[in-house]
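Just below is one structure, and these are the notes that go with it.
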Amino acid sequence: MPEIGSGSGINFPLYRNVEQVDAIEPDKEMQKNAKQRLEAAAVPIHCHEMRAEQLDFPDTSFDTVVSTFVFCTIPDPEKSLKKIRWVGKPGTVYLFFEHVKMEQPMLAKAQDLLMPFWKRICAGCHLNRNTLLMIEQVGFQMHTVETYYKGLLLTAVCM
């Protein structure tokens, strides 16, 4: 099971009942920050220095794919989503936890206004991406979507 954009490994302690996790992270510094969590993990975690757009796994390799707050910073999110679909087996469960552009017009406008500053201080994060729409446009079938904080955050379970 891959975790796309594993970052500092904050999710590593949460993994249970899986054979292994393939932690995908292009940033060497983030991989260093994940070292302690990696060593304490309850399941084997293999770190891979690669970008989501360039996943180096055979097609239909995985039955579950996880991403947490990553599609805001990926340079080519559409290409990444397509690649993620290719590495999933038929019936793969895709779990997304992302922040997205808010639907409420005033809050969406605030996100747009904050974007230039936000992107500079938050490692290229696009605060106002419509990630859910991109996920749908690439062909993921939505199973459940839950929103939090007036629609700023969402979880999506897709097939």
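All of the numbers you see were taken from the coordinates with simple rules; none came from a lab. Everything numeric in this text was worked out from a predicted model, so none of it was measured. Here the Cβ positions follow ideal geometry from the backbone for every residue, glycine too, while neighbour counts run over all protein chains shown.
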Problem set entry | Stretchable slack from Asp112 to Lys28, in nm (0.36 nm times residue separation minus alpha-carbon distance) | 27.3 nm
Exercise. Over the stretch 1-132, how many percent of alpha carbon pairs lie in each 5 Å bin up to the one with the longest distance?
Worked result: 2, 10, 19, 21, 19, 14, 9, 5, 1, 0
Problem set entry | Cα long-axis angle, helix 105-121 against the chain (0 to 90 degrees, to the nearest 10) | 60 degrees
Problem set entry | Rounded to 10°, Cα long-axis angle of helix 77-86 versus longest principal axis of the chain | 30 degrees
Problem set entry | Gain on full stretching of the segment that runs from Trp86 to Ile121 - 0.36 nm per residue minus C-alpha separation | 9.3 nm
Exercise. Over the chain, what is the relative contact order in whole percent, taking alpha-carbon pairs under 8 Å and six or more residues apart?
Worked result: 20 percent
Exercise. Of all trypsin sites (Lys or Arg not before Pro) in the stretch 117-159, which ones are in loop regions per DSSP and have a Cβ with at most 12 other Cβ atoms within 10 Å?
Worked result: Lys150
Exercise. Which value at 222 nm does the chain reach when only helices count, each DSSP H run of 4 or more adding -39,500 (n - 2.57), with the total divided by all residues and rounded to the nearest 500 deg cm²/dmol?
Worked result: -8500 deg cm²/dmol
Seminar exercise, completed: Note, the stretch 45-60: 3J(HN,Hα) by Karplus (6.51, -1.76, 1.60, θ = phi - 60°), whole Hz, Gly/Pro = x, goes 10, 10, 8, 10, 8, 7, 9, 4, 5, 10, 4, 9, 10, x, 4, 6
For this session: Write down Rg/Rh for the stretch 8-83, rounded to two decimals, with Rg from the C-alpha atoms and Rh from the Kirkwood relation over Cα pairs.
Result: 0.94
Seminar exercise, completed: Ranked on Cβ counts within 10 Å of their own Cβ, fewest leading, Glu78, Glu19, Glu3 go Glu19, Glu78, Glu3
Exercise. Tally Lys/Arg at +1 and Asp/Glu at -1 over every other residue whose Cβ is under 15 Å from the Cβ of Ala41; what's the total?
Worked result: -2
Exercise. So how far apart, in nm, are the two label points at Tyr149 and Glu19 if each is 7 Å from Cα heading toward Cβ?
Worked result: 3.6 nm
